[in-house]
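Remarks on the structure that follows.
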Amino acid sequence: GRGFCFEAVVSTQSTGVHGLDSAMNPTRLFNLFCMYGDVNKIKFLMTKKGIAMVEMKNSRGADNVINHLNRVKVLSSQISIAPSKHREVVVYTNSAPGILEDGSENVQVFLNSRFLRYSTEKKAAKNRLVDPTKILHFFALPLEVDEDFVLKLLEDKGCPTPTSISMHKSEVCSAGLLEFDSTEEAVDTAAIANHMQGSHKGIRYLMKIAFTGKKSMPLDSYEEAKPAGAAAGKEKKEDNESGGRNFND
């Protein structure tokens, strides 16, 4: 954990999250927690504002979110995450869900989500358990898109504006790095923009986001910034297929 020489180890798969801003909802919280373990259910309490219960698939996922996201600032509010005394998040299917300030439902079940990143050993091996920094890795976009497309996506979603962007093409998709002025801006962007999907020139797209653990933009060493297992051992494409733009130049 932050400021300590040890990591918290919990025996429950559920956590309580306090200090959530009114702009947070189950989807945005999932977008952060999914990087550290598979999420089963998220429930925002209607009687106590700013509090949510998150049930992970196992206690390891709960350990990970506590160790890496506790005391992180997201959407202008510092959150605290602690083990819950309740093993599971109870969802009542015979009653209507509560409605949060942004109009979304207060409960979401992610058991069958296609965005789970630890559902198989192969998927799990691609993730890096790192603290958030100001550098984000985005991936899974179609080959046809460019930097301007990514920047427009972020702008339309109301995300902070990155200070620089580096984009690269693999054989199957477009990926790259985004650098922000602060870790807080990167966390906000991950919460808002992770798993954005839509259509571009008739082609369906999906943008996934992950924390890199990098504190500076590694433009000359892009492979190191990818999640572990991603394109490992593969040769990089030719130089003219990669590049970067720094908006402070």
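Annotation note: of Asn70, Asn64, Asn25, Asn40, the sole residue that is more than 15 Å from the chain's Cα centre (by Cα), modelled with pLDDT of 95 or more and among the polar types (S, T, N, Q) is Asn40.
In region 145-161, the residues that are farther than 22 Å from Cys173 by Cα form Cβ pairs under 7 Å with partners that are of a type outside the set (Lys, Arg) and in a loop (DSSP other than H, G, I, E, B), at six or more places apart or across chains, as follows: Pro160/Phe180.
If I filter region 48-83 down to residues being among the charged types (D, E, K, R) and part of a loop (DSSP other than H, G, I, E, B), which single residue comes out as surrounded by the most Cβ atoms within 10 Å (Cβ to Cβ)? Only one residue tops the list, namely Lys57. Looking only at region 91-103, filter to residues that are in contact with a strand residue (DSSP E or B) (Cβ under 9 Å, 6 or more places away or on another chain) and in contact (Cβ under 8 Å) with a residue 24 or more places away in the chain; which one of those is surrounded by the most Cβ atoms within 10 Å (Cβ to Cβ)? Once the filter is applied, the top-ranked residue is Leu100. I'd like to know if region 185-206 contains one or more residues that are in a loop (DSSP other than H, G, I, E, B), open to solvent by less than 60 Å² (accessible area, probe 1.4 Å) and touching a helix residue (DSSP H, G or I) at 6+ places or on another chain (Cβ under 7 Å). Checked region 185-206: at least one residue is in a loop (DSSP other than H, G, I, E, B), open to solvent by less than 60 Å² (accessible area, probe 1.4 Å) and touching a helix residue (DSSP H, G or I) at 6+ places or on another chain (Cβ under 7 Å). The set of residues in region 140-174 that are assigned to a strand (DSSP E or B) and open to solvent by less than 50 Å² (accessible area, probe 1.4 Å) comprises Ala140, Leu141, Ser164, Ile165, Ser166, Met167, His168, Ser174. Looking only at residues of region 8-47 that are part of a strand (DSSP E or B) and over 14 Å from Arg87 (Cα atoms), we find that the one that is most open to solvent (accessible area, probe 1.4 Å) is His18. Only a single criterion out of (1) touching a Ser or Thr at 6+ places or on another chain (Cβ under 7 Å); (2) modelled with pLDDT of 95 or more; (3) acidic (Asp, Glu) is not satisfied by Glu88, namely (2). Would it be correct to say that Asp156 is modelled with pLDDT of 60 or more and over 22 Å from Tyr118 (Cβ atoms)? Yes. Ser216 fulfils the conditions (1) surrounded by 14 or more Cβ atoms within 10 Å (Cβ to Cβ); (2) at pLDDT below 95; (3) not aromatic (Phe, Trp, Tyr) except for a single criterion, (1).
If you go through region 160-193 and keep only what is of a type in the set (Ser, Thr, Tyr) and under 18 Å from Lys215 (Cβ atoms), you end up with Thr163, Ser164, Ser166, Ser182, Thr183, Thr189.
Contact map, region 118-139: residues that are in contact (Cβ under 8 Å) with a residue 24 or more places away in the chain and closer than 28 Å to Ser182 by Cα paired with residues that are aromatic (Phe, Trp, Tyr) and assigned to a loop (DSSP other than H, G, I, E, B), Cβ distance under 6 Å, separation 6+ or inter-chain. Pairs shown: Lys134/Phe180.
The values are calculated or read from the model by the stated rules, or taken from the named source; none is laboratory data. Please read all numbers here as calculations on a predicted model, not as lab measurements. Here the Cβ is made from the backbone with ideal geometry for all residues, glycine too, and neighbour counts use every protein chain on show. Accessible surface areas use protein heavy atoms only, side chains included; no ligands, DNA or RNA. Shrake-Rupley method; radii C 1.70, N 1.55, O 1.52, S 1.80 Å.
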